[in-house]
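The values are calculated or read from the model by the stated rules, or taken from the named source; none is laboratory data. Computed from a predicted structure; not experimentally measured. Every residue, glycine as well, gets a Cβ built from its backbone with ideal geometry; the counts of neighbours run over all protein chains shown. Heavy atoms of the whole protein, side chains included, go into the accessibility calculation; ligands, DNA and RNA do not. Shrake-Rupley method; radii C 1.70, N 1.55, O 1.52, S 1.80 Å.
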Amino acid sequence: MTSNFTVNMDEYLPLRDVVFKTLRQAILKGELKPGERLMEIALAEKLGVSRTPIREAIRKLELEGLVVMVPRKGAHVANITEKDLNDVLEVRIGLENMAIDKACCLMKAEQFRELKAAEEHFSSILQSGDLTQLAEADVEFHEIIYRASNNERLLQLLGNLREVIYRYRIEYLKDEATRAKLAEEHAEIYEAISARDASKAKAFTFSHIENQRKAIMRSINESN
């Protein structure tokens, strides 16, 4: 097991919860890859814990659909399926459209500057090849739009979805051509929102998410 994630101890959480959060983040960020076998002994040694919290975490991850139990082979990271992907992105489009409608009405000058800076930052690190850094820059661009909606419930829902989407972000950022296209799409979305044109911003966002869906499916098909 060559993944480089580590456990971050939280004095306010039981060990089993810390281990669960650690493994969950490793899966969502692609540090534990789809189809990878989760061996209790190796994970326990890597994280410096006993097998019991590892076993409990794997059970919880199975309930979330992030881990599957394969007969006679044990626990594996669940593969990304087209159905899961379509379900998640369908929800994302609906929530982003709501955020865009409100942001186009409510966004202030400082938030426009933040969005422009986030768009330029993503473009500036395209050649780095650091998928985690790129994913976080992509997240920040969209989060500025979400925050501008000034709707706490909407922010909460998008926050819950963000962690699930993170797994997909890593997949589509693997391709250099896709990364360049994302930068162009961010610029289009920024221009539409800065003009307070919600209809155009939503159209660009739909295209943005659909292109990601296609890129992820290509990645999945190529790896099978």
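Under 5 Å between amide hydrogens, built in the peptide plane, is the criterion, and for Ala75 it picks out Leu38, Val70 among residues at least 5 positions away or on other chains. Please give the helix 15-28 orientation as an angle from the longest Cα principal axis of the chain, in degrees from 0 to 90, rounded to the nearest 10. So the inclination is approximately 50 degrees.
So which of Lys33/Lys174; Lys108/Lys181; Lys33/Lys214; Lys174/Lys200; Lys102/Lys200 end up more than 21 Å apart by C-alpha?
Going by Cα-Cα distance, Lys108/Lys181; Lys174/Lys200 fall outside the 21 Å limit.
For Glu40, the shell of other residues with beta-carbons less than 10 Å away shows a net charge of +1, using +1 for Lys and Arg and -1 for Asp and Glu.
Region 11-62 and region 78-99 have Cα centres lying 25 Å from one another.
Springs join every pair of Cα atoms under 10 Å in this Gaussian network model of the chain, and among Arg179, Arg16, Arg153 the largest mean-square fluctuation is at Arg153. The 1.4 Å probe gives accessible areas that order Leu161, Leu23, largest first, as Leu161, Leu23. One-quarter of the Cα convex hull surface for the chain, in nm²? Dividing the Cα hull surface by four gives the mean projection, 13.2 nm².
Per residue, region 1-103 exposes 57 Å² of solvent-accessible protein surface, assessed with a 1.4 angstrom probe and all protein chains in place. Of all aspartates and glutamates in the structure, those lying under 17 Å Cα to Cα from Lys73, and not within fewer than 8 positions of it along the same chain, are Glu36, Glu40, Glu62. Springs join every pair of Cα atoms under 10 Å in this Gaussian network model of the chain, and among Ala203, Ala135, Ala187 the largest mean-square fluctuation is at Ala203.
Can you compute the equivalent ellipsoid semi-axes for region 66-131, i.e. the square root of 5 times each eigenvalue of the Cα gyration tensor, sorted largest first and rounded to whole Å?
Values: eigenvalues 269, 81, 14 Å².
Working through the eigenvalues yields semi-axes of 37, 20, 8 Å.
Each residue of region 143-150 was assigned a 3J(HN,Hα) from its phi angle through the Karplus expression (A = 6.51, B = -1.76, C = 1.60, θ = phi - 60°), giving 5, 4, 5, 4, 4, 5, 5, 6 Hz with x at Gly and Pro. With all protein chains present, how much of the accessible area of region 51-113 (probe radius 1.4 Å) comes from carbon and sulfur, to the nearest whole percent? Solvent-exposed carbon and sulfur of region 51-113 make up 56 percent of the total. What list of whole percents do you get for P(r) of region 111-212, with Cα-Cα distances grouped in 10 Å bins up to the one holding the largest distance? Here the calculated profile for region 111-212 is 15, 49, 33, 3. The alpha carbon centroids of region 202-224 and region 109-126 are separated by 23 Å.
Applied to region 58-66, the Karplus parametrisation 6.51 cos²θ - 1.76 cosθ + 1.60 on θ = phi - 60° returns per-residue 3J(HN,Hα) values of 4, 4, 5, 5, 5, 5, 7, x, 8 Hz, with x for Gly and Pro.
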